Amino acid sequence: MSVAFVKEPEGGEAFENLPDRPISPHTNFVTPEGLAQIEAEVARLEKEVASLDPADKAEDSRIGRDLRYWAARKNTAQLVEPKAGDTVQFGSTVTVVREDESGKETRQTFRIVGEDEADPHKGSISYVAPLARAITGKTIGDVVEVNGNEVEVAEIR
């Protein structure tokens with residue numbers, strides 16, 4: 001339908017509700033830090049809802065969508081306390097060694113965390129990422145193939 005035939009509400013622009021954010025089908029494992037981040041986000045959004053101008057439909061829709069997402073993630077969160085050990089598992093900080101395109105050996109260290117707390121730029125990857133899945137359950141010295149490249153587990157903390 002042409003927008004020429006859409007009636008705008010009194011004193012405002014035409015508005016549509018935002019679709020809900022997709023929720024992962026994977027189990028919502030979280031570290032203690034990840035759970036704290038989710039709880040902080042829910043609290044922040046609840047404060048925004050309380051101070052929202054009722055006439056601001058676009059902001060109401062955005063905040064409502066985000067609050068529904070984070071509330072669902074909080075309700076489904078399964079806390080996993082990191083355990084020290086000699087195998088890679090959820091919550092482990094792992095150093096891997098691999099060859100780059102030029103054949104030079106490179107080391108990469110990251111922590112395996114829940115989907116919502118993963119941030120590769122800050123050194124964390126989701127437990128469902130291909131690399132994390134490939135090395136979970138492995139020990140120091142184990143070599144796995146990820147995306148056609150060999151990766152060796154060098155350190156586990």
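The values are calculated or read from the model by the stated rules, or taken from the named source; none is laboratory data. Nothing here was measured: the structure is a model prediction, and the numbers come from that model. Backbone-built Cβ (ideal geometry, glycine too); neighbour counts: all protein chains shown.
Cβ separations smaller than 9 Å between residues 6+ apart or across chains give the following pairs from the range 122-136 residues that are under 19 Å from Pro25 (Cα atoms) to residues that are of a type in the set (Gly, Ala, Ser) and in a strand (DSSP E or B): Ala132/Ser126.
Considering the range 1-39, and only residues there that are of a type in the set (Asp, Glu) and at pLDDT 95 or above, the residue that is farthest from the chain's Cα centre (by Cα) turns out to be Glu39.
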